Amino acid sequence: MSQLFSYFQQNKFCVLVEYLSSFNEVFPVKTVFAGYPAMMTLADRVHSDHDMAPLDASRQYPDAVEKVLHFAGKGRDIQDLEYFLQQAKAADIQNLLLLTGDKLKEHHKGNDSAERSRYLESVNAVMAAKESGGFCIGVAFNPFKYAEAERDAQYLKLHKKIKAGADFIVTQLGYDIEALKQAQAFLKRHHYTQNILACVMPLSLARANFMLKHKVAGIVITPHMLKVLAEEKQAGLSERVYLRCALQILICQHLGFAGVDLSACHKPEEQMLLESYIEEYRHLDLHALEALWTSLWQIKTGKELMPEPADFSRPPSSGQIMKYHQLHVMHDAFFDSKIAKGVGRFIFNSPFWERRAAAKTLLKTEHISKHSIVGCESCGQCRLGDTLYICPETCPKGLANGPCGGTSLDRCEFGDRECIHSVKARLAKAVEQTEILKDKLIATVPIEVRGTSSWKNWYLTSEA
Ligand code: SF4
């Protein structure tokens with residue numbers, strides 16, 4: 001059993017201190033941080049797509065230090081993960097944080113499906129790691145979503161991550177305590193026993209500006225926050241950055257979080273400052289800590305740490321609903337009924353379809369008939385029946401199980417479209433199909449299946 005898992009079992013609040021594999025120096029690693037058990041996490045390709053692999057970076061640190069390694073699915077396939085799992089086992093790494101990851105810096109849109117950058121979804125990564133066995137598996141979750149559909153989509157996917165086998169959850173970096181409380185309430189409401197840790201970071205004005213300038217995915221920095229940080233800097237009160245971080249850690253502990261993931265605080269002098277504030281304020285109760293937090297952030301309405309508009313919802317259009325119903329009827333008739341499956345299996349069992357020309361014509365016919373309707377990219381493993389007939393390939397990351405954490409008020413991280421998972425979540429509510437978005441774990445598409453006919457594959461593999 002990993003040390004991290006045993007801390008969870010003993011209800012010991014712990015601190016995961018995040019290190020980047022792009023650091024060109026090795027920092028001392030603490031095993032106790034402000035009295036809490038501490039361990040290191042190594043993030044995957046944060047600065048560039050070519051950062052050293054976390055597993056290689058971990059070898060620079062003593063074996064005795066407990067480690068949590070990140071594996072981001074960006075630019076990765078299931079085989080990459082399987083290789084990573086083997087290597088991690090050989091290196092006696094027991095704790096993993098499996099995430100889809102943000103947009104690759106060198107993302108290729110590709111002219112066809114084969115050239116496009118691929119992202120291995122966290123849900124599929126968790127399924128594979130669980131099957132492999134022996135790991136304490138963490139997943140990322142972003143509770144800082146302020147449009148109804150994107151928030152619903154996040155929570156629907158969290159159900160799937162838990163069902164796939166997640167042992168613990170680490171939130172996105174964020175400063176809205178109410179959103180953190182909602183995440184915890186969600187776990188309680190659904191009787192999930194997974195431990196949740198909050199990602200925290202001493203937020204300076206420079207860091208806030210950097211995150212805004214570089215549009216760091218899924219992180220909310222509001223104009224009000226910038227104003228407060230700028231005023232503090234001007235008044236020579238920059239150390240409040242660490243006080244605020246200490247308060248957030250103590251608040252999380254009082255709220256019952258299992259710990260925090262401490263980001264951007266790896267230098268000994270930064271850690272000392274943060275620890276000193278934790279020691280100074282740890283005698284306060286939750287009420288007093290929250291009052292101080294509210295006053296430091298100059299919160300008056302409660303909306304200051306949320307983006308504008310703070311909350312809105314909009315129903316799916318009648319066209320979207322009608323399209324769903326039409327495609328549902330067609331799918332049932334041509335793909336799901338016993339007769340359709342029997343006829344399809346009979347037709348595609350013929351060796352005729354092994355011929356190159358026949359396979360090519362079939363693929364072309366499928367693509368022409370589906371591309372204009374749903375944006376089909378001939379993935380070879382049609383998942384429309386599990387995605388409310390919204391093709392997962394129309395997500396730039398090709399995610400089928402739900403959104404990544406990078407949306408902003410329903411907009412895709414890529415910025416060029418509405419997030420298809422928000423569209424799906426909204427539609428699911430209207431047609432009363434949210435269960436499927438919560439329960440159905442959609443398998444990843446093997447590389448060798450891409451560019452083959454999903455019709456043929458469907459009939460030959462589906463059960464009668
Ligand atoms: S999921 Fe279906 S519609 Fe989408 S690319 Fe794959 S085969 Fe085409």
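The numbers here are math on the coordinates, done by the rules we state, and not lab data. None of these values were measured; they are calculated from a predicted model. Ideal geometry is used to build each Cβ from the backbone, glycine not excepted, and the neighbour counts take in all protein chains shown.
Separation of the range 254-294 from the range 1-71 is 19 Å, based on Cα centroids. Take every DSSP beta bridge whose two residues both sit in the chain; close to 15 percent of them are antiparallel.
Let me have the relative contact order for the range 3-296, percent, based on Cα pairs under 8 Å that are six or more residues apart. Mind dumping the intermediate values first?
Numbers: 466 pairs, mean separation 51.2, N = 294.
After rounding, I find 17 percent.
The Ser22 and Ser369 beta-carbon pair, evaluated with R₀ = 56 Å, returns a calculated FRET efficiency of approximately 0.75. Above 32 Å, the calculated P(r) of the chain contains 42 percent of its Cα-Cα pairs.
If only the Cβ of Lys and Arg carry +1 and only the Cβ of Asp and Glu carry -1, the dipole of the range 3-296 around its Cα centre is close to 620 debye. Counting only other residues whose beta carbon sits under 14 Å from that of Glu232, what net charge do I get with K and R as +1, D and E as -1? Taking every Cβ under 14 Å from that of Glu232, the sum is +3. Label sites at Lys300 and Glu106, each approximated as a point 7 angstrom past Cα along Cα to Cβ, lie 5.0 nm apart. Would you mind pulling out the separation of the Cα centroids of the range 152-225 and the range 444-464, in Å? Each part's Cα centre sits 36 Å from the other's. Relative intensity of the range 318-461 on a log10 scale, I(q)/I(0) at q = 0.13, 0.18, 0.20 Å⁻¹, equals -0.62, -1.13, -1.34, per a Debye sum over C-alpha point scatterers of equal strength in the absence of solvent. A crude spin-label estimate for the pair Gln326 and Ala91, with each label 7 Å from Cα along the Cβ direction, gives 5.2 nm.
What's the extension gain from Ile347 to Ser317 if we count 0.36 nm per residue and subtract their Cα-Cα distance?
That works out to 7.0 nm of additional length.
Work through the residues other than Asp439 whose Cβ is under 9 Å from its Cβ and net out their charges, Lys, Arg +1 and Asp, Glu -1. Write down the numbers at each step before the final one.
Details: positive: Lys160, Lys163, Lys438, Lys440; negative: Glu435.
Residues close to Asp439 contribute a combined charge of +3.
May I ask you to derive the FRET efficiency for Val65 and Gln433 from their Cβ-Cβ distance with R0 = 35 Å, giving the value to the nearest 0.05? Could you put the intermediate results ahead of the total?
On the way: r = 46 Å, r/R0 = 1.33.
Given R0 = 35 Å and the Cβ-Cβ separation, E is 0.15.
Placing R0 at 41 angstrom, the Cβ-Cβ distance between His191 and Ser132 gives a FRET efficiency of 0.95 after rounding to 0.05. With a cut-off of 20 Å on the backbone N, the residues of the range 1-36 near the modelled label site 7 Å out from Asp56 along Cα-Cβ are 19-27. Relative to the longest principal axis of the Cα atoms of the chain, the long axis of helix 148-164 lies at roughly 80 degrees.
Residues of the range 238-258 with amide nitrogen under 20 Å from the 7 Å Cα-to-Cβ point of Glu269? Counting only backbone N, you get 238-246.
Mean residue ellipticity, 222 nm, helices only, the chain: the sum of -39500 (n - 2.57) across DSSP H runs of n ≥ 4, divided by residue count and rounded to 500, is -13000 deg cm²/dmol.
How much net charge surrounds Val17 when only other residues with a Cβ under 9 Å from its Cβ are counted (Lys, Arg +1; Asp, Glu -1)? List each step's numbers first, then the result.
Numbers: positive: Lys30; negative: Glu18, Asp261.
After counting each charged neighbour, the total is -1.
The 3J(HN,Hα) values that the Karplus relation (6.51, -1.76, 1.60; θ = phi - 60°) gives for the range 216-224 are, in residue order, 4, 4, x, 9, 9, 10, 9, x, 4 Hz. Gly and Pro appear as x. In the range 195-246, the inverse of the mean reciprocal separation of distinct Cα atoms equals 11.8 Å; this is its Kirkwood hydrodynamic radius. Full extension of the segment from Leu226 to Ala443, taken as 0.36 nm per residue of separation minus the current Cα-Cα distance, would add 73.9 nm. Packing-based ranking of 448-459, 289-300 yields 448-459, 289-300, ordered from highest to lowest mean Cβ neighbour count within 10 Å.
Rounded to two decimal places and with Rh computed the Kirkwood way over Cα pairs, what is Rg over Rh for the range 20-93? Walk me through the intermediate numbers first.
Values: Rg = 13.0 Å, Rh = 13.2 Å.
Radius of gyration relative to Kirkwood radius: 0.98.
Modelled label positions at Val46 and Arg411, each set 7 Å beyond Cα in the direction of Cβ, lie 2.5 nm from each other.
Regarding the range 136-268, what is the average projected area of its C-alpha convex hull, in nm²?
Numbers: hull surface 36.0 nm².
Average of the hull's projected areas for the range 136-268 equals 9.0 nm².
What the pair-distance distribution of the range 247-388 shows, using all Cα-Cα distances binned every 5 Å from zero, is 1, 7, 9, 12, 11, 7, 4, 5, 6, 8, 9, 8, 6, 5, 2, 0 percent. Note that the range 250-295 shows a convex hull volume over its alpha carbon atoms of 88 Å³ per residue.
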